[in-house]
């Protein structure tokens, strides 16, 4: 990517030196809370007053759009909307398309602010939009009806051309207004690609006029468990899809904000909803319906010519709806069992001289690549499409790690880096018990921020094939748009800087000093960011004298934690945490993260009681193996709050390390039961359960995960009406602390018992 060099003669400091508030000379420097950090910023002297009387000057259509964006944002943040004027400007705010920037990056911009004017220049409308966002961020450093803009000069351009966010609308459906809200949020993060996952086993969400059953049948499912029936026992339908009129509306909305939408139609796997609508497309004769389970399903499209023509008809309508350059065809997790077992597929492979089923998938990919290319589009797919021959023009999205990206770029394919290890937003942000459902393996702000999309192993002459980065929000466990926002924000702020700012100018420590300003903007814009990255975590250990040693920490890395022990809200004058605290049962601890003398959010509370020291929730227990850990919710109610449990679905087993059993008389368990709503194809063999010896299985306590049984009690047929069951197991006298293991016998399908909490009752 070309580096923006306009006005290169000016000495501009990298903002990494300024963002932390210290200049290169060691003096206090100007420190705006800009995210992403610009390429270069030179502070000036003075400021420009900004209020409702400050004129905004714009002449062309592009400058009018940038002006309108700035005015809209100012209305949200400051409560007034500046007027937009045309004509020559000597004062106020000016947006200009500058042909002199012809050699600049397509998205580059400059900002010059003095006491009279703020001038935003760019070569393109996209660059002007980015400049408008930066100017607004500068304005949010002051609030109210009269604000100021600091005198400065900024030269800025992105590191990568592809800075994307993917939303899965197939597993759980979002409204058009929610999609637009996300697009608006992408704008203020300078993200430019919205990858829209529209089809999967669980739902088909895009209207195809030629094939109406795709939405009529494929757009609805019955939820798992109790949520799938109403009070009268009748099936509940979960439905949703976008009409073509709605799609066009969203596409236009995104285009006006310089965001390209990349639609994904997943083939040949993740196709259950499609085959349910048109069974002739499938490889199995078994009747299918859109599923309400999660995981990897074996249902594949067949390889018949009629199916290929069907998909071409689908893509014809998709291409007409989405004017962007790329169409995503999925290609991931296509388990080939049905093709292997199909005489028709095997006969076709033999006739074509194909030796493997992957070669058959590659033939399918090549066909649709030619189809899309003939219509001016580029095919993009997940990295599995590399497993066969791949057309040179195909782009690869590397999700299973960076290896696929390395291989693809080495072969001359363009690549978008999107590894599950760093950029999957269905992975939780912290280990907090307040996290919503998802994968308990964490992708913290720091982990995402520190990812480098250009691997060291990639030859320098192949670096240009790394188009950029993308974070993905898979929505199996995101029933609501509030959960989508929790997953995305503030991690999209880290993604924004990862995709925009040069590697040498990025600093995580500087980033988190600027992040509080972004949190304020989120509140201005109605973005419901996660609270958990800014919580204080309490780690309590009982002492021999009946008190507790409590360590405090913050998952994001903020060092200033202030606390009280009398149940009052901490202030800047409260003690600063430096070492574990020793607390008595009468103490109630409150603690909050502070930045620049202000708490990031209300304090977290931790009450010390003898009972709390002898109790552990499922979030604070180890999994015996951790083969496939998930944070899952109960199946009821349909719309309300549900209980949430941490569980390893392959081996449901919880361990309290060094549980103080020497004085324990009984162990009290609070347990729930949830549907086993997973299909995991070839991984299903890894599921472990211990046979039951009674009608409905047993709850078992062991000394360690593989040690002797300490206690056991039969389970009933079902939990109580509230979905929970309380059990008490007498414990033989123990002489010391032990690793206390809890599990349940019996098959985990179709429903599995899960642990909510464990309590040690003293003698």
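The values are calculated or read from the model by the stated rules, or taken from the named source; none is laboratory data. What you see is a predicted model, and the numbers here were worked out from it, not measured in a lab. Using ideal geometry, Cβ is built from the backbone for each residue, glycine included, and neighbour counts are taken over all protein chains shown.
Brief remarks on what is shown
- Residue within region 196-205 that is at pLDDT 95 or above, in a loop (DSSP other than H, G, I, E, B), more than 30 Å from residue 363 (Cβ to Cβ) and out of contact with any helix residue (DSSP H, G or I) (no Cβ under 7 Å at 6 or more places or on another chain) present: no
- Each residue in region 622-650 was checked for being buried (at least 21 other Cβ atoms within 10 Å of the Cβ) and over 24 Å from residue 483 (Cα atoms), and 2 pass.
- From the list 286, 304, 317, the lone residue that is modelled with pLDDT under 95 and over 22 Å from the mean Cα position of the chain (by Cα) is 286.
- Of the strands (runs of 3 or more DSSP E) entirely within region 390-494, those holding at least 3 residues that are farther than 26 Å from residue 677 by Cβ occupy 395-398, 415-417, 466-473.
- Single unsatisfied condition, residue 617 versus (1) closer than 30 Å to residue 701 by Cα; (2) crowded, with 20+ Cβ neighbours inside 10 Å: (2)
- Subset of region 266-285 [assigned to a loop (DSSP other than H, G, I, E, B) and closer than 19 Å to residue 678 by Cβ]: 269, 270, 271
- Restricting region 583-614 to residues that are crowded, with 17+ Cβ neighbours inside 10 Å and touching a helix residue (DSSP H, G or I) at 6+ places or on another chain (Cβ under 8 Å) leaves a set whose member that is farthest from residue 533 (Cα to Cα) is 595.
- Residues that are within 31 Å of the chain's Cα centre (by Cα), within 26 Å of residue 203 (Cβ to Cβ) and assigned to a loop (DSSP other than H, G, I, E, B) do not occur anywhere in region 356-376.
- Those residues of region 377-392 which are over 27 Å from the mean Cα position of the chain (by Cα) and modelled with pLDDT of 95 or more, in sequence order: 377
- Screening the candidates 218, 233 for the property of being outside any helix (DSSP H, G or I), in contact with a strand residue (DSSP E or B) (Cβ under 7 Å, 6 or more places away or on another chain) and assigned by TED's automatic domain parsing to the domain that holds residue 325 yields one hit, 218.
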